[in-house]
Amino acid sequence: MTRHPAFSFRRVLAALFWLALLAPASPVLADGKYYARESKVGPSVPYQRAMISFNGEREILVVQSQYKNRGQTPLRDLGWIIPLPTVPEVGTMEPYRAERLFSRLGMKSSIRYVSISDRLMAWLTFAIMIGLGAMLLRLLAAFAVVLFKLKPDPLIGTPRGNLKLVGLTFLGMLLAMIVTPQFSSYGPNGKGAVDVVKAETVGGLDFKVVKSGDAAALLSWFTQHGLNYDPTDIAAIERHVAKGWVFVTARASATAEAAELVSHNGMLAPLVLVFPTRKMVYPLALTATIGQNTAIELFVYNEGKVDSAGRLPLKFAGVDPEGADWFAEHVQPPGLLANEKITANYLTRFLGEMTAEQMKDDLILVPAADNVPIKLTEYHW
């Protein structure tokens, strides 16, 4: 049996091996796919996400937090306290509606995640499969030599030798699958008085908007109404009282069903707050009092790109032709946003972890220096 010098079995195997390494692993690339941010947050890291729509005079703030103490803190015992510069209109959304809202926002501002480990594993798997196929061909050829009593070729080998080689390769593949680490890839109130400016029940939440010129009186009011703040909250509450801000409080209503309060993945029913303001504000100071890092995801609709003064990493900026008004029909009470001018269509997305020190002050968002679109690609293991 003769072999052409330019066509040898070794050269074919070498060519197939290098083709395997060079082949693109497109099936494992998450190009444009939105990974739900909470799946990337560790179990000990609180997570909060929000959407802001600002038209220069009024802000719509949709803020949603994760229910981290499921099984320990009953839903009935949960309470929210959010400081705002002015008295808001209040509302909420069903948790599953909020899931759709933030999923849609995520897809509009998607980050291109590229998994290096997945790509490497795809290359390795493809190369092993090509090699295994080549060895099976060798095995068949060796059996053909025996069956048809052909002259043996050292390159093909014996059936027994090829069986050993195939078996060892298979064991190697199993071992690689076992030991390969899995990588985965965030006012009228006097001194000492507490004025309940507004009290409403919307969806499964009882809202109250309160204001006081006396931080001690306000803290006492919180305690009397089952809003058990921590000692670390006091300084933040005192600062907001001194600035004349109001406090939005929310508790689960007595008749609320669990489905009205928390989604299947532990995200609580969001608070929808609409208030007049000259500046875009995202209240963070009370979140900081939990004393640990918090994953923050923030979507902002404005007339142009906005800047967080470096406090949150910028992940996306660009025009959204649909704008943000599509979610208004899902807000409770119906008609809450009917008269709001939701016309801004430039979407900016921020995503990152903030330390307690970074959250000591509320986040004030300002117009960016330019409106250049940004779409990032992030590489991770």
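The values are calculated or read from the model by the stated rules, or taken from the named source; none is laboratory data. Because the structure is predicted, anything quoted here is derived from the model rather than measured. Every residue, glycine as well, gets a Cβ built from its backbone with ideal geometry; the counts of neighbours run over all protein chains shown.
Note on the range 235-275: residues that are among the polar types (S, T, N, Q) and crowded, with 21+ Cβ neighbours inside 10 Å total 1. With the requirement that a residue be β-branched (Val, Ile, Thr) and at pLDDT below 75, what does the range 100-133 give you? Those that are β-branched (Val, Ile, Thr) and at pLDDT below 75: Ile111, Val114, Ile116.
Of the residues that make up the range 314-331, is at least one within 26 Å of Thr232 (Cα to Cα) and assigned to a loop (DSSP other than H, G, I, E, B)? No, the conditions are met nowhere in the range 314-331. Looking only at residues in the range 200-222 that are under 16 Å from Leu84 (Cα atoms) and among the small types (Gly, Ala, Ser), the one that is surrounded by the fewest Cβ atoms within 10 Å (Cβ to Cβ) is Ala215.
Select from the range 258-309 the residues that are part of a helix (DSSP H, G or I) and hydrophobic (A, V, I, L, M, F, W, C) and write down the one among them that is nearest to Thr348 (Cα to Cα).
First pass over the range 258-309, keeping only residues part of a helix (DSSP H, G or I): 258-261, 287-290.
Next, from what is left, pick out any that are hydrophobic (A, V, I, L, M, F, W, C): 258-259, 261, 288, 290.
Details: Ala258: 33, Ala259: 31, Leu261: 28, Ala288: 23, Ile290: 27 Å.
Looking at residues that are part of a helix (DSSP H, G or I) and hydrophobic (A, V, I, L, M, F, W, C), I get Ala288.
Taken together, Asp320, Asp362 contain a single residue that is in the same structural domain as Leu205 (by TED's automatic domain parsing), in contact with a strand residue (DSSP E or B) (Cβ under 8 Å, 6 or more places away or on another chain) and under 21 Å from Gln292 (Cα atoms), which is Asp362. All conditions but one from (1) more than 16 Å from Val63 (Cα to Cα); (2) surrounded by 15 or more Cβ atoms within 10 Å (Cβ to Cβ); (3) under 30 Å from the mean Cα position of the chain (by Cα) apply to His225; the one that does not is (3). Within the range 305-315, one or more residues are farther than 15 Å from Gly106 by Cα, buried (at least 19 other Cβ atoms within 10 Å of the Cβ) and touching a Gly at 6+ places or on another chain (Cβ under 8 Å). Applying the selection to the range 316-344, what residues are crowded, with 18+ Cβ neighbours inside 10 Å and of a type in the set (S, T, N, Q)? If the condition is that a residue be crowded, with 18+ Cβ neighbours inside 10 Å and of a type in the set (S, T, N, Q), then Gln332 is the only one that fits.
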